[in-house]
Amino acid sequence: MIKDSAITIAPETKLRDGSSSRPNSRKVFIKTYGCQMNVYDSIRMSDALAGDGYEQTEDMEEADLVLLNTCHIREKAAEKVYSALGRLRDMKKRKAADGREMMIGVTGCVAQAEGEEILRRAPAVDVVIGPQTYHRLPEALRRAQQGQRVVDTEYAIEDKFEHLPSAEKSKIKARGVTAFLTVQEGCDKFCTFCVVPYTRGSEVSRSVAQIVDEALKLVDGGVREITLLGQNVNAWHGKGPRGEEWSLGDLLYRLAEIPGLARLRYTTSHPRDMDDRLIGAHRDLRTLMPYLHLPVQSGSNRILKAMNRRHTTAEYLALIAKIRAARPDIALSGDFIVGFPGETDQDFEDTLRLVEDVAYAQAFSFKYSTRPGTPGAELKDQVPEEIKAQRLERLQALLLKQQHEFAETCVGKVVDVLLEKPGRMPGQIIGRSPWLQSVNVDAKASQIGDIINVRITGTSTNSLFGEVVQVSDTQRSSTA
Ligand code: SAH
Ligand code: SF4
Ligand code: F3S
């Protein structure tokens, strides 16, 4: 799931000793592009910079440092970075004319992919730091302040998470009741369309101890729902307390024991890594939400093979049947690419048929974007843009229809809703259903963090409406 959004983290000014100003207080504005892993990384970078007196701001105008945490997944995503850098160059000049210095840093997947090239194309940039080395960002900025432009995109030998500071409790609290926690990074799958194995490197799993420690800190800071993240999150593996091999399923059983942690989710999964232990966790753990993002990309076996997905549509459908047998109320989500090289009308029809067969609750779909350096870019039969656009329109219409149908099935049901934040209307709170839908409900701000019973009364394009009810456990449609 990829969004293009600026993260908003309430700026925190309190110091450990309780005083409210910092020596050398400076402000950092972070713009986050791409996936949830980048959102998580932006938070970790912001915490790393806090040690050097940087406070987060949502106003670029007052920033002493602007970081673009970038995404390279499709051509458009990467292009956005260069146009943003053009605007930043002008802002930097304008501020310099007023005697104010503003540094510019590029982090994330474009930084990793382009490295030095960014400094060449964008002379206003001071530092370029890849996703494996952002724990060195404060050091790079210190060097940049002495006039040295820094590029650090090597794959660090040290574990960056061991070198990153944890967030202060007050900061965790300010960030809300849901949180991301990266447990796995990188990808060894090499789908022929995808840059991730090149930008994020090979698969690495964080240790159970590190993950549990971070989860405990989040829960201590008021977090009720944790989403475990990884480019291939279900490829996570580690060692249990007796040195036994653990897969993601085992990790979820362990995390579900944490008192106060009400909800667990994980994303993004690869169909080939859905093992029985993980499916068992969906059956056994009420804490594990009944929602699974399981991208298939295409419904044509020929295209799946060309994409190097290493499974067939029949295997994907059999897997879904098994997951649904374990957790009948599970909602499925997916990613699709239309117009992969060589995709015929028939291949595309096969994708539509697979979508009909699965009935997704939500899904993301994209036109194939040629990425230099990936095997897909070398393939002959590139599909014309207008065909890609037509196919995308048809696919999205079907997916949207399914999303609405799924939402309609919720109307009249009583569901558990985690209250997350104030809504747009006074007295309204936005919560989340077990199936990741936004739910608007009248409740008190003091109830944020509570899980309450809500009867769903209606739907709109992207959210549900509901009213608070008191029901006994036996009447519930889902527990959390
Ligand atoms: N690891 C995840 C996906 C990570 S990338 C998985 O294997 O499912 C997120 C999504 O971006 C992919 O699922 C795919 O649908 C889309 N994507 C990746 N590369 C793309 C490309 N070159 N063109 C269009 N969409 C792409
Ligand atoms: Fe990309 Fe495929 Fe790896 Fe997903 S599994 S990150 S699509 S290479
Ligand atoms: Fe984009 Fe990198 Fe995530 S390419 S999708 S930010 S892993």
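Using 0.36 nm per residue and subtracting the Cα-Cα separation, the extra length available between R272 and K444 on full extension is 57.6 nm. In straight-distance terms, cross-link reach from K92 covers every one of the lysines whose alpha-carbon lies under 26 Å from its own, apart from those fewer than eight places away in the same chain; here that gives K27, K31, K76, K80. Most simply put, the chain has about 40% antiparallel DSSP beta bridges, counting only bridges with both residues inside it. Here K444 is the anchor, and the lysines within straight C-alpha reach of less than 16 Å, apart from those fewer than 8 places off in the same chain, are K421.
C35 contributes about 40 Å² of solvent-accessible surface, heavy atoms of the protein only, 1.4 Å probe. The aspartates and glutamates whose alpha-carbon is closer than 20 Å to the alpha-carbon of K413, local same-chain residues fewer than 8 away aside, are D329, E405, D442, D450, E467, D473.
Taken per residue, the accessible surface of the chain reaches 43 Å², heavy atoms only and a 1.4 Å probe. Radius of gyration over Kirkwood radius for region 180-221, both on Cα atoms: the Rg/Rh ratio is 1.16.
Taking 4.7 Å between C-beta atoms as the pairing limit, the chain has these partnerless cysteines: C35, C71, C109, C187, C410.
All alpha carbon pair distances within region 375-480 were sorted into 5 Å bins beginning at 0; the resulting P(r) in whole percents reads 2, 12, 19, 17, 13, 8, 7, 6, 6, 6, 3, 1, 0.
Summarising the label geometry, the points placed 7 Å from Cα in the beta-carbon direction at Q428 and S166 lie 3.8 nm from one another. Each pair of Cα atoms in region 414-475 enters the Kirkwood radius, and Stokes-Einstein at 25 °C and 0.890 mPa s then converts it into a translational diffusion coefficient of 217 µm²/s. Backbone amide hydrogens, once placed in the peptide plane, bring M103 within less than 5 Å of L65, V66, excluding anything fewer than 5 places away on its chain.
Across region 168-174, rounded Karplus estimates of 3J(HN,Hα) from the backbone phi angles (6.51 cos²θ - 1.76 cosθ + 1.60, θ = phi - 60°) give 5, 4, 5, 6, 4, 4, 5 Hz, Gly and Pro being marked x. For the Cα trace of the chain, dividing Rg by the Kirkwood Rh returns an Rg/Rh value of 0.96. Treating region 176-295 as a set of equal point scatterers at the Cα positions, no solvent, please give the Debye-formula log₁₀ I(q)/I(0) at q = 0.23 Å⁻¹. Here the Debye-derived log intensity ratios amount to -1.40. Over 24 Å between C-alpha atoms is what I'm after, so list which of K217/K239; K239/K322; K93/K160 land there. Exceeds cut-off: K239/K322; K93/K160.
Paramagnetic label reach from D159 (point 7 Å along Cα→Cβ; backbone nitrogen cut-off under 16 Å): within region 181-216, residues 182-186, 203-216.
Surface composition of the chain: carbon plus sulfur atoms hold 51% of the accessible area, using a 1.4 angstrom probe and ignoring ligands, DNA and RNA. Heavy-atom accessible area, probed at 1.4 angstrom with all protein chains present, ranks H135, H404, H293 as H404, H135, H293, highest first.
Screening the chain for whole DSSP H helices of 15 Å or more along their axis (Cα) with average Kyte-Doolittle hydropathy at least 0.5 returns 208-220, 313-326. Within the assembled protein chains, the solvent-accessible surface assigned to K217 is about 80 Å², based on a 1.4 Å probe.
Counting heavy atoms of the protein chains alone, D59 has an accessible area of about 70 Å² for a 1.4 Å probe.
The values are calculated or read from the model by the stated rules, or taken from the named source; none is laboratory data. Predicted model, so just to flag it, every value in this text is computed and none were measured. Here the Cβ is made from the backbone with ideal geometry for all residues, glycine too, and neighbour counts use every protein chain on show. Note: accessible area is taken over every heavy atom of the protein model, side chains too, but ligands, DNA and RNA are not part of it. Shrake-Rupley method; radii C 1.70, N 1.55, O 1.52, S 1.80 Å.
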